[in-house]
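Here's the structure, in structure tokens; my notes come after.
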Amino acid sequence: MKVVRELKFWIKAYNEVKSAAEELELAFDFVKDEIVTEEDVQKNYDRAISLIEDLELKNMLRREEDKLGAVLKVNAGAGGTESQDWASMLFRMYQRWCEDKNYKTTVTNWQDGDDAGIKTATLQVEGDLAYGFLKSENGVHRLVRVSPFNAQGKRMTSFASVFVVPLVDDSIEIEINNADISWDTFRSSGAGGQNVNKVETGVRLHYNYKDPDTGEEQEIVIENTESRSQMGNRENAIRLLKSQLYEIELEKRRSAQAAIEAGKKKIEWGSQIRSYVFDDRRVKDHRTNHQTSDVNSVMDGDIDAFIKAYLMEYGGE
């Protein structure tokens, strides 16, 4: 049924584009005979272009993992309060974007900043193609503004990292060796129920991962404070661990493909992907050179144009 639904989507989308193109042709013929106006032709043209571009964008999201939900983590960079405030602004931006797309979101981890903002926060996003869209946000985001936390009113630069992995579902098998898992518990912080700061419901999962190809070992640490019950937080921490292991496997596939495809531009974790310059009213993506002067809309979650520009340039790879 899943395959049938997907095929039906492409057939329906193709028929819509075909119909719009035929209507545009007719309108173009009719305007010569003054049956329709040039404004009508323009409307038909705009509709046809919109349908084609939407279909092209969906065609950039045909990888297996693109259809999944996403786990998005924002970390404040060095710079204290200013960077922590910037991290919270970015986190809000993604929350607003998810609301606009009607995605279900859950904050699975939240650590308040020292004076303002956040040190780190994790957002679980459930919905079709959430990872396909949000993977474009992986990397370091740079803010330039006159800091409200600086007494001299100086212009400051801050950084925050965004890390996005697919949210695995029951259809994907991920093997986890339970012997390599250890747990810590701690008291949750931030807004919550009566048991917050009284009962150790927060969990920290430590997983000793060994790369089966290279033998390299690394420790994966997952924190979860979403639920008021320790059991619920443990279950979700396991799910988040599976998502991260799945991303490691996907990264191997991407690396292997990159070695073959000459000239492929690969977005590495830690690279600066976008600058938000508040004083100059400018947000610019350094990978695609797409930019806008509507900073307020971007910070309110209007990032579709940046996502689209990235997918149209890199999605085919």
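The values are calculated or read from the model by the stated rules, or taken from the named source; none is laboratory data. From a predicted model like this one, the values you see are computed outputs, not experimental measurements. Heads up, the Cβs are rebuilt from the backbone with ideal geometry, glycines too, and the neighbour counts pull from every protein chain shown.
Of note:
- Complete set of residues in the range 41-66 that are free of Cβ contacts under 8 Å to residues at least 24 places away in the same chain and closer than 15 Å to Lys135 by Cβ: Arg62, Glu64
- Test: Arg5 is basic (Lys, Arg) and either surrounded by 15 or more Cβ atoms within 10 Å (Cβ to Cβ) or in a helix (DSSP H, G or I) (or both): yes
- In the set (1) of a type in the set (A, V, I, L, M, F, W, C); (2) out of contact with any helix residue (DSSP H, G or I) (no Cβ under 9 Å at 6 or more places or on another chain); (3) surrounded by 18 or more Cβ atoms within 10 Å (Cβ to Cβ), the condition left unmet by Leu90 is number (2).
- Some residue of the range 39-56 being touching a Pro at 6+ places or on another chain (Cβ under 7 Å) and either among the basic types (Lys, Arg) or part of a helix (DSSP H, G or I) (or both): no
- Residue pairs whose Cβ atoms lie under 7 Å apart, separated by 6 or more positions or on different chains, with the first residue in the range 1-15 and in contact (Cβ under 8 Å) with a residue 12 or more places away in the chain and the second assigned to a helix (DSSP H, G or I) and surrounded by 12 or more Cβ atoms within 10 Å (Cβ to Cβ), are Ala13/Leu55.
- Residues of the range 112-123 that are in contact with a Lys or Arg (Cβ under 9 Å, 6 or more places away or on another chain) and crowded, with 23+ Cβ neighbours inside 10 Å: Ala121, Thr122.
- Among the candidates Leu72, Leu61, Leu55, residue that is over 30 Å from Thr108 (Cα atoms) and not β-branched (Val, Ile, Thr): Leu55
- Of the residues making up the range 281-292, those that are surrounded by 13 or more Cβ atoms within 10 Å (Cβ to Cβ) and part of a loop (DSSP other than H, G, I, E, B) are His286, Arg287, Thr288, His290.
- Residues satisfying the stated conditions in the range 267-282, i.e. touching a Gly at 6+ places or on another chain (Cβ under 6 Å) and at pLDDT 90 or above: Ile273
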